[in-house]
Amino acid sequence: QAAKTDLQTTLKDGGRLTTGGSREGMRKVLLIAEVGLSLVLLAGAGLLARSMWNLLRVDPGFNMDNVLTMRMSLTGGKYNPQSLSVFYDECLARVQAVPGVRFAALTHSLPIDGSNWGGGLIAADKPVPSRADLPESDRLRVSPNYFETMGLRLMRGRLFTSADTPDSAPVVIINETLARRIWPNENPLGKRLKFGLPEDVDEESKPWREVVGVVNDVKMDGVDHAISLQTYLPYSQMPNRSLGLVARTDGNPAALAPAVEQAIHSIDKDVPVFSILTMDQVLGNSLAQRRLTLVLLASLAALALLLAAVGIYGVISYGVRQRTHEFGIGMALGAQARDVLTLILKEGLKLTLIGIGLGFAASFALTRWLESLLFEVRPTDALTFG
């Protein structure tokens with residue numbers, strides 16, 4: 001604007017730069033756009049922040065405090081099913097003996113991280129459904145003290161014991177959701193089920209398992225996912241070469257990781273130990289994408305809000321300087337200072353309200369794109385927009 005100013009007109013006006021109405025209008029349009037954009041970004045950041053808050057308040061179904069997790073892999077021909085059981089038993093005994101470890105257990109799948117596997121489920125006392133209607137459950141192989149280590153609650157029946165061996169009757173523990181789904185208004189204890197497809201009903205290699213206990217629901221696939229059907233099996237009755245170890249400690253679990261790893265390697269120094277994480281880190285990893293999106297959007301929203309504030313100040317300040325002579329004449333004729341102040345504030349407020357109105361309309365339309373990232377909050381949440 002300074003480069004295109006008519007110097008003769010400027011000199012006649014006492015050195016005051018002048019601009020055309022179109023330029024003044026452009027400044028106002030930019031200011032309105034800044035206010036509207038900042039509101040859109042703030043609304044998006046607010047919705048994500050409320051979602052994150054809701055996720056952190058979800059009950060995962062177990063106690064995450066002071067829990068250390070790691071995985072082991074016993075591949076190759078060194079271990080057979082019998083030696084696997086011996087190794088795992090010795091592993092639990094040595095980890096349990098580490099100072100600071102309160103409980104230790106084995107599991108094939110960790111809660112929250114979605115590493116569980118499963119398949120079809122058939123109940124002995126129910127009609128066998130078609131493949132399309134066959135219920136599927138997570139199959140979680142665990143050691144007897146897993147439930148105590150993770151802080152799960154026994155709702156009915158009993159937990160696994162050392163008497164649940166490969167030579168004893170096949171047993172299973174189920175979660176409350178599975179009990180309600182398969183046996184609504186019935187006592188599931190003593191019921192029988194097996195894993196497989198409808199054609200596997202008479203398959204002898206897939207035995208019927210007796211339900212001996214019911215435990216509370218656990219968030220297996222992440223705190224933002226629905227509760228799945230869950231079945232727990234004694235790891236001794238279904239051994240696996242890759243299991244995870246969970247240890248509840250008296251203090252900081254990360255500080256005990258080297259000692260726990262050393263206890264495992266004291267049995268076999270060649271056993272790979274990896275994915276050493278606290279349960280809080282497992283939760284953090286599951287929320288990493290949401291947290292990154294929130295940080296980016298909040299940063300952009302803060303920047304946009306700063307630009308809008310600077311824009312409002314700049315336009316109002318420039319307008320006041322342009323009209324200083326006019327205000328002086330008005331006050332000489334009897335206008336009060338508050339009249340001038342009210343006039344200026346009304347002009348700034350008018351532009352801001354227009355920007356807010358357009359920003360609200362855009363926010364209601366654009367925040368729907370965030371719906372897949374939201375948890376227990378609507379894209380048009382009134383509290384967030386307020």
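Set side by side, the residues 366, 341 differ, and just one is in a helix (DSSP H, G or I) and within 30 Å of residue 55 (Cα to Cα), which is 366. Residues that are open to solvent by 10 Å² or more (accessible area, probe 1.4 Å), within 18 Å of residue 171 (Cβ to Cβ) and in contact with a helix residue (DSSP H, G or I) (Cβ under 7 Å, 6 or more places away or on another chain) number at least 1 in the following strands (runs of 3 or more DSSP E) confined to region 81-149: 118-123.
This table checks each residue for (1) open to solvent by 60 Å² or more (accessible area, probe 1.4 Å); (2) without any contact (Cβ under 8 Å) to a residue 12 or more places away in the chain; (3) at positive phi.
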site	(1), (2), (3)
328	no, yes, no
337	yes, yes, no
340	no, no, no
349	yes, yes, no
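Note on region 278-296: residues that are part of a helix (DSSP H, G or I) and either over 15 Å from residue 64 (Cβ atoms) or of a type in the set (S, T, N, Q) (or both) amount to 12.
Within region 234-277, restricting attention to residues that are in a strand (DSSP E or B) and open to solvent by 20 Å² or more (accessible area, probe 1.4 Å), the residue that is modelled with the lowest pLDDT is 242.
Out of the residues in region 203-233 that are more than 18 Å from residue 62 (Cβ to Cβ) and in a loop (DSSP other than H, G, I, E, B), which is modelled with the highest pLDDT? Step by step, filter region 203-233, then rank; the result is 208.
The values are calculated or read from the model by the stated rules, or taken from the named source; none is laboratory data. What you are looking at is a predicted structure, and each value in this text was computed from that prediction instead of being measured. Here Cβ is always computed from backbone atoms with ideal geometry, including for glycine, and neighbour counts include all displayed protein chains. All accessible areas refer to the heavy atoms of the entire protein, side chains included, with ligands and DNA or RNA removed. Shrake-Rupley method; radii C 1.70, N 1.55, O 1.52, S 1.80 Å.
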